[in-house]
1. Cα-based Rg of the range 25-94 per 2.2 N^0.38 Å, rounded to two decimals?
2. Compute, for the chain, the length of the dipole vector about the Cα centre, with Cβ point charges of +1 (Lys, Arg) and -1 (Asp, Glu) only. Units Debye, rounded to 20.
3. For the charge dipole of the range 119-187, defined by +1 on Lys and Arg C-beta atoms and -1 on Asp and Glu C-beta atoms about the Cα centroid, which residue among Met157, Phe135, Leu171 has the Cα displaced farthest towards the positive pole?
4. Once each part is reduced to its C-alpha centroid, what is the distance from the range 475-491 to the range 186-251 in angstrom?
5. Expressed in whole Å with the largest first, what are the equivalent ellipsoid semi-axes of the range 452-496 derived from the C-alpha gyration tensor as the square root of 5 times each eigenvalue?
6. To the nearest 20 debye, what charge dipole does the range 64-166 have about its Cα centre, counting +1 at the Cβ of each Lys and Arg and -1 at the Cβ of each Asp and Glu?
7. Based solely on its DSSP helices, what 222 nm [θ] is calculated for the chain when runs of n ≥ 4 H residues each add -39,500 (n - 2.57) and the sum is averaged over all residues, nearest 500 deg cm²/dmol?
8. Looking at Ala339, Val251, His241, which one has the Cα that reaches farthest to the positive end of the dipole of the chain (charges on Cβ: Lys, Arg +1; Asp, Glu -1)?
Amino acid sequence: MRASTPGIVTPRLASPPLPGHIQTSLLLVTLENVDVRLWGRNLLAGVSFALREGESWALLGENGAGKSSFLRLLRGDLWPHPESRGRRLYHFPDGPSESPIGARELMPLVSAESQDAYLRGEWSLRVEDVVRTGFAGSIWLDRPLSEEEERRAGEAMALLGIEDLRRRSILEVSTGEARKVLLARALAPRPRALLLDEFCNGLDAPSRASVLGAVSAIARGGTPVVFATHRPEEIVPEVGHALLLERGRVVAQGPRREVLARFAASHPAPGAAPAAEDGSPAPGPVLVSVEHADVLVEGRRVLRDLTWRMREGENWAVRGPNGAGKSTFLRLLCGEEHAAPGGKVRRLDLGERASVWEVKARVGLVTPQLQSDHRADHLGEEVVLSGFFASIGLGDEPSAGQREAARRWMERLGIGHLAGRRIHSLSYGEMRKLLLARALVRDPEVLLLDEPFNGLDPRSRVEMMELIEGLCQGGTRVVLVTHHDGEVLPCVNRVLELRDGRIVYQGQRRTSDGGPRPGGR
């Protein structure tokens, strides 16, 4: 009998033998030479793969390689193309079937896109209700849960450490907290396999350790995990196999160590950025100032009595755990949030009463929320051009000069080929690159970046970090939110640390790993 994990039990499947397979009772899904085509292009080609009970896989590849499409194919959200020579089979107790009916409920998928759906739809469900809907596989709870199901939902929330959030709205919690909620939602029904698509994006270091520990426990309990990631360091020890995709094709699959070695050989990993040598530039003019600011979001006080200044020559990293108020702080700086009465915010030379449009004309912004706000299926070029108008989509006709600037930035970021692509056909990382180009088209004086490297493969991450470092050296000021020490750029010479909406440290960057060490902590 397999080892079990409290609250996470995977029943063993039974199915009749199939020729050419070893112990088909262990099989969950098989893909045999499958093609997937959408929007007139091939997403996957000739894919063969077998998912068995007790085997967990890491899924690797560059942005646009087809990792998300692979997971959706595995789950049943995408169908093999009608002209595909191969087939997909689900191995249920009553025999193999090509139909995915029932498979989606048994193989939940946790991704950044699934979280974005709540923001796009403005589905203000309580956290506990989001977790409960895992039993229905829908957004809304359509029936009362049984006593046993309520117990499982509670165990899943306890496992992820989100019990204190249960009565909060999913729209009010931080990005990292919401990711834990969706993971608890996936685990509550005790799935037969768990599919994860860059699910650590947006999590602080303790939260990453917590959820990866949960994934380890799930895999040890026998539930297969298929984990798409651009960060090999996030692959837990229990994941013993890996698959590498390139341009929609499987180029390697097998033991984790062998595939990771091949991946590392062609994908440089960004190292920890050294602290800037000059941590104390001479005081320059104040660019942005915040004085005794409280910020309320939906009636809840998120930031408390903040006083902070950014001067010419300074670049800041904003650190802190999930829910500390980092994203709200960036929205305050760009004018999307306002200080409560008694607080003051001055941005550049625009004065206290500057409109958000005046601020955004001179400040570039990249955030996960901005990515989720792109609901319509725009062209990639339209997303970049919208940066001139601080809009979602194009309301005005761009000028020839604006189109040339957009083209130039897209080529500089290596995404010129995305100009005519529909964004719903793009990977998460490709969309993040478009948003960075969107932020840069107006040559902003200040660049506000909220986890800008999430979703990027190692090569793209290195390239984007080098690009932003070059902009810093050229005079663009940067305020960077990140949970990864290695992403704190060399140009960053100041650190602001937030906790529970309050500043607990601000000042010189003191350590080589980018993290502040105030008061000996």
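FYI, it's all coordinate maths here, none of it is from the lab. Values in this document were obtained by computation on a predicted structure and should not be read as measured data. No Cβ is skipped: glycine too gets one built from the backbone with ideal geometry, and neighbour counts run over all protein chains shown.
1. Against the compact-globule rule of thumb, the ratio is 1.11.
2. The calculated dipole for the chain is roughly 440 debye.
3. Checking the options against the dipole of the range 119-187, the answer is Leu171.
4. 27 Å
5. 17, 14, 8
6. 540 debye
7. -8500 deg cm²/dmol
8. Towards the positive end, the residue furthest out is His241.
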